[in-house]
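The values are calculated or read from the model by the stated rules, or taken from the named source; none is laboratory data. All figures in this text were calculated on a predicted structure; none of them were measured in a lab. Here Cβ is always computed from backbone atoms with ideal geometry, including for glycine, and neighbour counts include all displayed protein chains. With ligands, DNA and RNA removed, areas are computed over all heavy atoms of the protein, side chains included. Shrake-Rupley method; radii C 1.70, N 1.55, O 1.52, S 1.80 Å.
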Amino acid sequence: MTGKGAAAIMCEQEPDIDRKAMAEIVHAILSNGESALFSQFGRKRKLPSGTHLFHRGHAGSTMYVIVSGCIELDFGEDLVVKSLGPNEFFGELGLLIGDHQRTAGARAVEDSIVLELDHDDFQRLVDRDPGLLAYFLRRTIMRVVSNEQVLIRQLRRRNHDLETALDNLYVTTHQLTHTRELVRTDELTGLHNRRGLALYLQDCRAQENSAPQGLLLIDCDQFKQVNDVHGHQAGDRVLQSVANILRSVATEPDVACRLGGDEFCLLLRSADQDSLQHAAEFILSAVHGLIGRAHGVPHVCPVSIGVCLIDPQTDWSEWYARADNALYQAKRLGGNRLHWSRSATATP
């Protein structure tokens, strides 16, 4: 039976063509009538296991129907690999459009036999049974449209997954940055702690000609008395005030650090004797200004400062020893003053 009659009977046998076509998106299977018709015009081709019919991206104009065996369609990337069996077809867009770029590679995963149909074969199919071919084309078009919808959903899901991954990466990076800052930052004052100082010195060593040139070692005078008389909250406020003063002195390449307790240091990347003297005097002046404005509970207490220029060829332990000795001398002289390290490179 040919023509409109065959198509009408098939529509009666398949009342829900749309739903059936949707179900055949993954497995496009020929009906018995289509299979019988296609076999009259297709040329059989034997494919040993492992044979590639075509590769993804290559142009083609041939459609295939599997007679026996199994063909695998690989769409690449992370898309699902489809395995097709007898009476299933593929490559129909190459036949309908001509020289269509294949969206998947096709390979026999076992010894198989396929029918090959080209444009001339398809024209003979149309001449033989246009009604049956019209039904086949309708299914094929719905399959293409549905595949596009599936691809759109996959792309949307992939974009959503990518956005989620980027959001997670941003959050993780922010958390790592925050954690790194917590590790190297003193919680009370916001200055570097000893670990932050060690990392700073490590970075300086990694950069040629970037060692600090000057060191101020600062210690609060009478800090224990503030804690004993006014309580630890007042003591914390004193430490925060000193930290704020040091922060105002430090420029971008410098580092201010709370070494522990009421001891601080300020490392200046670019410094000479005059600039170190000026920085130390500014700290003392700022402290005196805060003391003068205090009423009742002190916001700061006097400080002593040990000052030294740095030999870039030596390390932190030597810098600290020299500045600490100068700080000791400032304390011994009554505190509330600066004192230079008695070194050949640093005597005023």
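Highest mean first, how do 299-311, 58-70, 144-156 rank when packing is the count of other Cβ atoms within 10 Å averaged over residues?
299-311, 58-70, 144-156
Ignoring ligands, DNA and RNA, what percent of the 1.4 Å accessible area of region 230-288 is carbon and sulfur?
Its accessible area is 47 percent carbon and sulfur atoms.
If you roll a 1.4 Å probe over the heavy atoms of the protein chains, what accessible area per residue do you get for region 191-297, in Å²? Working shown, then result.
Working: 5440 Å² over 107 residues.
On a per-residue basis, region 191-297 sits at 51 Å².
List the GluC sites (Glu not before Pro) within region 63-134 that DSSP assigns to loop and that have no more than 16 neighbouring Cβ atoms inside 10 Å.
Answer in residue order: 77, 110.
Can you tell me what share of the DSSP beta bridges in region 255-348 is antiparallel? A percent to the nearest 5 is fine.
Bridges in region 255-348 are about 60 percent antiparallel.
Quick one: if you stick a label point 7 Å off each Cα along the C-beta vector at residue 147 and residue 81, how many nm between them?
Distance between label points: 1.9 nm.
Work out, step by step, the length gained on full extension between residue 270 and residue 160: first 0.36 nm times the residue separation, then minus their alpha carbon distance; give nm to one decimal. Please list the in-between numbers first.
Details: separation 110, 0.36 × 110 = 39.60 nm, distance 4.95 nm.
In short, 34.7 nm is gained.
Of the GluC sites (Glu not before Pro) in region 155-246, which ones lie in a loop per DSSP and count no more than 16 other C-beta atoms within 10 Å? Please report the intermediate quantities before stating the final value.
Details: sites: 163, 181, 187, 208; in loops: 187, 208.
In loop regions of region 155-246 (DSSP not H, G, I, E or B), the sparsely surrounded GluC sites (Glu not before Pro) are 187, 208.
Restricting everything to alpha-carbon atoms, can you work out Rg to Rh for the chain with a Kirkwood hydrodynamic radius?
Ratio of gyration radius to Kirkwood radius for the chain: 1.51.
Expressed as a whole percentage, what fraction of the accessible surface of region 30-174 belongs to carbon and sulfur atoms when a 1.4 Å probe is rolled over the protein heavy atoms?
53
Could you report the accessible area of residue 158 in Å², rounded to 10, computed with a 1.4 Å probe on the protein chains as they sit in the structure?
The accessible area comes out at roughly 90 Å².
Net charge near residue 236, counting Lys/Arg +1 and Asp/Glu -1 over other residues with Cβ under 11 Å of its Cβ?
With Lys, Arg at +1 and Asp, Glu at -1, the net is -1.
Taking Cα centroids, how far is region 220-277 from region 71-101 in Å?
Going from one Cα centre to the other spans 73 Å.
Points 7 angstrom from Cα along the Cβ direction at residue 101 and residue 120: gap in nanometres?
If labels sit at residue 101 and residue 120, their model points lie 2.9 nm apart.
Which residue, 285, 174, 200, has the largest displacement toward the positive end of the dipole of region 155-298 when charges sit on each Cβ (Lys, Arg +1; Asp, Glu -1)?
It is 174.
Express as a percent, rounded to the nearest 5, the fraction of DSSP beta bridges in the chain (both residues included) that run antiparallel.
90
Please give the length that would be gained between residue 332 and residue 59 if that part of the chain were fully extended, namely 0.36 nm times their separation in residues minus their C-alpha to C-alpha distance (nm, one decimal).
Details: separation 273, 0.36 × 273 = 98.28 nm, distance 9.06 nm.
Full-extension gain reported as 89.2 nm.
Between the DSSP loop rule and a limit of at most 13 other Cβ atoms within 10 Å, which trypsin sites (Lys or Arg not before Pro) in region 245-348 are left? Provide the component values of the computation, followed by the final result.
Details: sites: 247, 258, 269, 293, 322, 331, 332, 337, 342; in loops: 269, 337, 342.
Listed in order of number, the matching sites are 342.
Between residue 294 and residue 44, what is the label-point separation in nm under the 7 Å Cα-to-beta-carbon projection?
Modelled inter-label distance: 10.4 nm.
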